[in-house]
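Participant: This is the structure I want to talk about, given as structure tokens.
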Protein chains: 2
Amino acid sequence: MTEELKKRIAVIDAALNDYLPVCDKPQGIIYDAMRYSVFAGGKRLRPMLMWECAKLLGGDWDTVRPFACALEMIHTYSLIHDDLPAMDNDDLRRGMPTSHIKFGEDIAILAGDALLNKAFETVAAADHADAAIAIRAMGVLSNASGTEGMIGGQVIDLKSEGKEIAIAELQHLHLLKTGALIRAACVIGGMLAGADDKELDSLDSFAKALGVAFQIQDDILDVTGDEETLGKPIGSDAEQDKNTYVRLCGLDRSKQLVEKYSKDASEALKGFGNKAEFLNKLTEYLINRNN
Amino acid sequence: MTEELKKRIAVIDAALNDYLPVCDKPQGIIYDAMRYSVFAGGKRLRPMLMWECAKLLGGDWDTVRPFACALEMIHTYSLIHDDLPAMDNDDLRRGMPTSHIKFGEDIAILAGDALLNKAFETVAAADHADAAIAIRAMGVLSNASGTEGMIGGQVIDLKSEGKEIAIAELQHLHLLKTGALIRAACVIGGMLAGADDKELDSLDSFAKALGVAFQIQDDILDVTGDEETLGKPIGSDAEQDKNTYVRLCGLDRSKQLVEKYSKDASEALKGFGNKAEFLNKLTEYLINRNN
């Protein structure tokens, strides 16, 4: 699996490099800052999911290339802004100084803005086989990253810091904050490859369950992980008084929940038969990851 | 003119209100913050230009409604982020507390992000007469607001603070920072109403000249304006050691330049004959404004 993932990451990184070139204009530093965070060594989970969901329906990398890179840009911008002093105030991300530590807070804010903007610039500039489907996919993308999706989740997260919330509220928060982009990845992948509504529903159910499993595993790693492997301090969630699955229902129950949701994810893909093998392996890999 | 502008502003505001409803979900505060800045009493110059440029080509308000509102959201997000402590650190905007003063820095950052996102969400969700033209217009919009447009200009502005720059550099800075959105307004208006390339070129030349005239007038008002009418402290550019036309070429020369560029703007519209009357009056109004 690791080898296969590496190969795919290389393909995704090459496309991101094309969309985000080094720039020697007077504003070149903004490209440096965008590239710094985009190439800081992410898992490329979202582009990978979009690509593989397109493959389930007979599509390939070219089917999703601009949308997959756009989604990764949006994910990256959200990390840059999340790390800012006024937000989580994190100095390290993936073992490297965060954007505002490296470039200053002003450039970090603009680099986040620029990546969000570049995401839509990238999909608008692409050649589309079907303009109407492309606009529909842009709708899914922008909805998932906005106030009814990721940003909505970030707001709820900020507002619930320091208060203990119910597990249902925590689930809702994560459904928006991390789940929305993961669902958009899978739905857009299917959509661009011509999936029908029933197939899109299956992909969405898969993504929804995977997103929850992924988030709980994240919370678990914040407690049980190794600082060096993880690239950030252990226990930072507790230190920041964040609501996590581990805090609300304990470590053992959290581990059970990861198992449950990863089974739900796999279940949702049954209709695709053997073609879903890679996605099932990827799910397995993600819930057993240590970073 | 003032009465006519008021009427049009009311139409634009009603559309913005539709796209940005009050929201009673847990993340509702983000809508409050978006609405606070959007409805802080802007001139709606960009939507107004887009609308009128569409009218020149036989279009109407419905032709441009989602794009015009999207552009105003992008303009507003840029103001919110520009005012942040890490950027211009302004406490007042249009006589009211800036977003981070009112809602805190975290929500202000997210409100800016959310408005940029909502701009693309709005155009993606709209019904389009021609999906291919809509995508082309999204390309113009996203390009104008990104690293090759407004954000690029903001970066150059930040990097040139405290250094005296040449007038050509200042012009380039403003061509990106404020000019790009004004040009996008006019070009998209024409594009959605079916303008040909020659007509789009004329609209772009008009917008380019208007943008420069508008910016120089802004710099003049920072020196000669009245604090109460302007809604912000006088002399804040000089205090922040900003490069302005007034600083680089003096007040008299700046006033001459406003005249020159407003004539260029009017000249660019000659081909449209009498139909350009409102745009010419608007130009006149803008260069004689006191806020």
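Participant: With a cut-off of at least 3 residues that are modelled with pLDDT of 95 or more, more than 30 Å from A:Met150 (Cα to Cα) and out of contact with any strand residue (DSSP E or B) (no Cβ under 8 Å at 6 or more places or on another chain), name the helices (runs of 4 or more DSSP H) lying wholly within the stretch B:1-65. Talk me through it step by step, then tell me what you get.
Facilitator: Values: elements: B:2-19, B:28-38, B:45-56.
Where helices (runs of 4 or more DSSP H) fall fully within the stretch B:1-65 and carry at least 3 residues being modelled with pLDDT of 95 or more, more than 30 Å from A:Met150 (Cα to Cα) and out of contact with any strand residue (DSSP E or B) (no Cβ under 8 Å at 6 or more places or on another chain), they are B:2-19, B:45-56.
Participant: If you don't mind, there's one more thing I want to ask. Inside the stretch B:1-24, can you point out the residues that are closer than 20 Å to B:Ser99 by Cβ and not hydroxyl-bearing (Ser, Thr, Tyr)?
Facilitator: Kept after step one, since they are closer than 20 Å to B:Ser99 by Cβ, are these residues of the stretch B:1-24: B:13, B:16-17, B:19-23.
Those that are closer than 20 Å to B:Ser99 by Cβ and not hydroxyl-bearing (Ser, Thr, Tyr): B:Asp13, B:Leu16, B:Asn17, B:Leu20, B:Pro21, B:Val22, B:Cys23.
Participant: Filter the stretch A:233-291 down to the residues that are farther than 14 Å from A:Ile220 by Cα and not in a helix (DSSP H, G or I), then identify the one that is nearest to the chain's Cα centre (by Cα).
Facilitator: We begin by selecting, within the stretch A:233-291, every residue farther than 14 Å from A:Ile220 by Cα; these are A:239-241, A:260-285.
Subset that is not in a helix (DSSP H, G or I): A:240-241, A:269.
Details: A:Gln240: 22, A:Asp241: 23, A:Leu269: 20 Å.
In this case the residue turns out to be A:Leu269.
Participant: I've got another one for you. Does at least one position in the stretch B:202-225 carry a residue that is in a loop (DSSP other than H, G, I, E, B) and over 19 Å from the mean Cα position of the chain (by Cα)? Show your work before the answer.
Facilitator: Just the residues of the stretch B:202-225 that are in a loop (DSSP other than H, G, I, E, B), to begin with: B:225.
Subset that is over 19 Å from the mean Cα position of the chain (by Cα): B:225.
Yes, because at least one residue in the stretch B:202-225 is in a loop (DSSP other than H, G, I, E, B) and over 19 Å from the mean Cα position of the chain (by Cα).
Participant: Regarding B:Ile188, is this residue within 26 Å of B:Lys55 (Cβ to Cβ), surrounded by fewer than 24 Cβ atoms within 10 Å (Cβ to Cβ), of a type outside the set (Phe, Trp, Tyr) and touching a residue at least 24 places away in the same chain (Cβ under 8 Å)? Lay out the reasoning, then the answer.
Facilitator: On the way: within 26 Å of B:Lys55 (Cβ to Cβ): yes; surrounded by fewer than 24 Cβ atoms within 10 Å (Cβ to Cβ): no; of a type outside the set (Phe, Trp, Tyr): yes; touching a residue at least 24 places away in the same chain (Cβ under 8 Å): yes.
No; evaluated as a whole, the condition is false for this residue.
Yes/no per residue for (1) within 26 Å of B:Leu92 (Cα to Cα); (2) surrounded by fewer than 14 Cβ atoms within 10 Å (Cβ to Cβ); (3) touching a residue at least 40 places away in the same chain (Cβ under 8 Å):
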site: B:Asp201; (1), (2), (3): no, no, no
site: B:Gln217; (1), (2), (3): yes, no, yes
site: B:Gly225; (1), (2), (3): yes, no, yes
site: B:Leu257; (1), (2), (3): no, no, yes
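Participant: Which residues, taken from the stretch B:31-59, are among the charged types (D, E, K, R) and within 14 Å of chain A (Cβ to nearest Cβ)?
Facilitator: The initial filter retains those residues of the stretch B:31-59 that are among the charged types (D, E, K, R), namely B:32, B:35, B:43-44, B:46, B:52, B:55.
B:Asp32, B:Arg35, listed by residue number.
Yes or no, residue by residue, for (1) part of a helix (DSSP H, G or I); (2) acidic (Asp, Glu):
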| residue | (1), (2) |
| --- | --- |
| B:Ala70 | yes, no |
| B:Ile74 | yes, no |
| B:Asp82 | yes, yes |
| B:Asp90 | no, yes |
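Participant: Pull up the stretch B:121-162, narrow it to residues that are outside any loop (DSSP other than H, G, I, E, B) and of a type in the set (D, E, K, R), then point me to the one that is nearest to the other protein chains (Cβ to nearest Cβ).
Facilitator: Here is the first cut: in the stretch B:121-162, the residues outside any loop (DSSP other than H, G, I, E, B) are B:121-125, B:131-145, B:150-160.
Still in the list and also of a type in the set (D, E, K, R): B:121, B:136, B:157, B:159.
Values: B:Glu121: 4, B:Arg136: 8, B:Asp157: 10, B:Lys159: 7 Å.
Per the criteria, the residue is B:Glu121.
Participant: Continuing with this model, one more query. For the stretch A:1-50, which positions are of a type in the set (Asp, Glu), over 26 Å from A:Glu284 (Cβ atoms) and within 19 Å of the chain's Cα centre (by Cα)? Break it down into steps so the answer makes sense when it comes.
Facilitator: Keep residues of the stretch A:1-50 that are of a type in the set (Asp, Glu), which gives A:3-4, A:13, A:18, A:24, A:32.
Still in the running and over 26 Å from A:Glu284 (Cβ atoms): A:18, A:24, A:32.
Result: no residue meets the conditions.
Participant: Checking the structure you have, find out if any residue of the stretch A:170-189 is over 26 Å from A:Arg65 (Cβ atoms), away from chain B (no Cβ under 12 Å) and not in a helix (DSSP H, G or I).
Facilitator: no
Participant: If you check every pair at least six apart or on different chains, which have Cβ atoms under 7 Å apart with a residue in the stretch B:15-30 that is within 11 Å of chain A (Cβ to nearest Cβ) and more than 26 Å from B:Pro47 (Cα to Cα) first and a residue that is part of a helix (DSSP H, G or I) and hydrophobic (A, V, I, L, M, F, W, C) second?
Facilitator: These pairs meet every condition: B:Pro26/A:Ile156; B:Gln27/A:Val155; B:Gln27/A:Ile156.
Participant: Further question: Looking at (1) part of a loop (DSSP other than H, G, I, E, B); (2) in contact (Cβ under 8 Å) with a residue 60 or more places away in the chain, find the lone condition where A:Ala86 falls short.
Facilitator: (2)
Participant: Turning to a different aspect of this structure: Counting only residues that are at the interface with chain A (Cβ under 7 Å from one of its Cβ atoms) and more than 19 Å from B:Leu158 (Cβ to Cβ), how many does the stretch B:70-106 have? Spell out how you get there, then give the answer.
Facilitator: Residues of the stretch B:70-106 at the interface with chain A (Cβ under 7 Å from one of its Cβ atoms): B:81, B:84, B:86-87, B:105-106.
Still in the list and also more than 19 Å from B:Leu158 (Cβ to Cβ): B:106.
Summing the residues that are at the interface with chain A (Cβ under 7 Å from one of its Cβ atoms) and more than 19 Å from B:Leu158 (Cβ to Cβ) in the stretch B:70-106 gives 1.
Participant: Just checking, which of B:Leu45, B:Leu49 is in contact with a Cys (Cβ under 7 Å, 6 or more places away or on another chain) and aliphatic (A, V, I, L, M)? Explain how you work it out, then say what you get.
Facilitator: Working: B:Leu45 fails: in contact with a Cys (Cβ under 7 Å, 6 or more places away or on another chain).
Matching residue, one of B:Leu45, B:Leu49: B:Leu49.
Participant: Enumerate the pairs (first residue in the stretch B:33-45 and touching a residue at least 40 places away in the same chain (Cβ under 8 Å); second residue anywhere and surrounded by fewer than 19 Cβ atoms within 10 Å (Cβ to Cβ)) with beta-carbon separation below 6 Å, excluding pairs fewer than 6 apart on the same chain, so at least 6 apart or on different chains.
Facilitator: From the stretch B:33-45, the pairs are B:Ala40/B:Arg94; B:Ala40/B:Met96; B:Gly41/B:Arg94.
The values are calculated or read from the model by the stated rules, or taken from the named source; none is laboratory data. Predicted, not measured: the structure shown is a model, and the values here were computed from it. Because the Cβ atoms are built from the backbone with ideal geometry, glycine has one as well, and the counts that use them run over all protein chains shown.
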